Amino acid sequence: KAGVTQTPRYLIKTRGQQVTLSCSPISGHRSVSWYQQTPGQGLQFLFEYFSETQRNKGNFPGRFSGRQFSNSRSEMNVSTLELGDSALYLCASSPGTGPGYTFGSGTRLTVV
Amino acid sequence: AQSVTQLDSQVPVFEEAPVELRCNYSSSVSVYLFWYVQYPNQGLQLLLKYLSGSTLVESINGFEAEFNKSQTSFHLRKPSVHISDTAEYFCAVSDWPGTYKYIFGTGTRLKVLA
């Protein structure tokens, strides 16, 4: 059974640009969550989707957005990138019927 | 609001020695508890979880954790560590289906010395 797949693994972007990260959940999983991991702030919750509906959103500016498609795949977008957006972005999926998530390997975003 | 405290940011220990990584949480509602491990440049791997039932939970690679409701703790233990256990360990709580998110601790970096 394939795990959670995140693409790309690494990205380098320039300040002011925008970026889209992709996440393919485990087959059959309907819930997808996103987390940002930085050395200073640790692991912070961005948002969670279930069956294309956002059920919760973390305390991030509106530049951070996400969506989920009918096949449960999810994307997150960050517009007008800032240096502080440099981080490891982790996607996690679950069946959506209980607690417990499986994480992907992450996308390492570097903003220069 | 929920919070998770991992008091030790780094724990050095010699190979084959026992180790305990501490995790305390606070929550006004019932929670589920998790330990994840992260190796360099990788994502988080689930080590073990407490959902209900027996308060002592075990993983397949020798780690165990005990849920202590009165002390609001979920400490991770291993009786004999290996070099390969060197990694960062994160404790997390979930109030599912409340907020559909994890609250993570700040992590403990376990360094196993030869």
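The values are calculated or read from the model by the stated rules, or taken from the named source; none is laboratory data. On a predicted model such as this, the values are computed, not experimentally measured, just so you know. Cβ coordinates were reconstructed from backbone atoms using ideal geometry, including for glycine residues, and neighbour counts include every protein chain displayed.
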Looking across region A:33-83 at residues that are surrounded by fewer than 12 Cβ atoms within 10 Å (Cβ to Cβ) and within 14 Å of chain B (Cβ to nearest Cβ), the single one that is modelled with the lowest pLDDT is A:GLY40
Conditions (1) without any contact (Cβ under 8 Å) to a residue 12 or more places away in the chain; (2) on the phi > 0 side of the Ramachandran plot; (3) not β-branched (Val, Ile, Thr) -> A:SER51 fails only (1)
Given the conditions (1) at pLDDT below 95; (2) away from chain A (no Cβ under 14 Å); (3) closer than 27 Å to A:GLN6 by Cβ, every one holds for B:LEU110 apart from (1)
Within region A:16-112, considering only strands (runs of 3 or more DSSP E) that don't extend past its boundaries, which have at least 3 residues that are polar (S, T, N, Q) and closer than 21 Å to B:SER94 by Cβ?
A:31-38, A:53-57
Please work out which residue is nearest to the chain's Cα centre (by Cα), limiting yourself to region B:90-106 and to residues that are crowded, with 18+ Cβ neighbours inside 10 Å and more than 15 Å from B:SER73 (Cα to Cα).
B:TYR102
Considering only residues that are surrounded by 12 or more Cβ atoms within 10 Å (Cβ to Cβ), under 18 Å from B:TRP96 (Cα atoms) and not aromatic (Phe, Trp, Tyr), which ones fall in region B:46-63?
B:LEU46, B:LEU48, B:LYS49, B:LEU51
Could you list all residues from region A:1-32 that are modelled with pLDDT of 95 or more and hydrophobic (A, V, I, L, M, F, W, C)?
A:VAL4, A:LEU11, A:ILE12, A:VAL19, A:LEU21, A:CYS23, A:ILE26, A:VAL32
Can you pull out the residues in region A:84-109 that are surrounded by fewer than 15 Cβ atoms within 10 Å (Cβ to Cβ) and more than 14 Å from chain B (Cβ to nearest Cβ)?
A:GLY84
Kindly indicate the residue of region B:83-102 that is modelled with pLDDT of 95 or more and facing chain A (nearest Cβ under 9 Å) and also nearest to B:ALA17 (Cα to Cα) among those meeting that condition.
B:PHE90
Filtering region B:24-73 for residues that are within 16 Å of B:VAL4 (Cα to Cα), away from chain A (no Cβ under 14 Å) and assigned to a loop (DSSP other than H, G, I, E, B) leaves a count of 5
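Hey, among the residues in region A:3-15 that are in a strand (DSSP E or B) and under 18 Å from A:GLU82 (Cβ atoms), which one's farthest from the other protein chains (Cβ to nearest Cβ)? I'd like the intermediate steps shown before the answer.
Here is the first cut: in region A:3-15, the ones in a strand (DSSP E or B) are A:5-7, A:10-13.
Checking the rest, the ones that are also under 18 Å from A:GLU82 (Cβ atoms) come to A:11-13.
Details: A:LEU11: 14, A:ILE12: 16, A:LYS13: 19 Å.
Out of the qualifying residues, it is A:LYS13.
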Within region B:27-38, restricting attention to residues that are of a type in the set (S, T, N, Q) and modelled with pLDDT under 90, which residue is surrounded by the fewest Cβ atoms within 10 Å (Cβ to Cβ)?
B:SER28
Look through region B:72-101, keep the residues that are in contact (Cβ under 8 Å) with a residue 40 or more places away in the chain and small (Gly, Ala, Ser), and return whichever of them is nearest to B:SER27 (Cα to Cα).
B:SER94
When the residues of region B:74-113 are narrowed to those that are in contact with an Asp or Glu (Cβ under 6 Å, 6 or more places away or on another chain) and among the small types (Gly, Ala, Ser), which ends up farthest from A:PRO39 (Cα to Cα)?
B:SER80
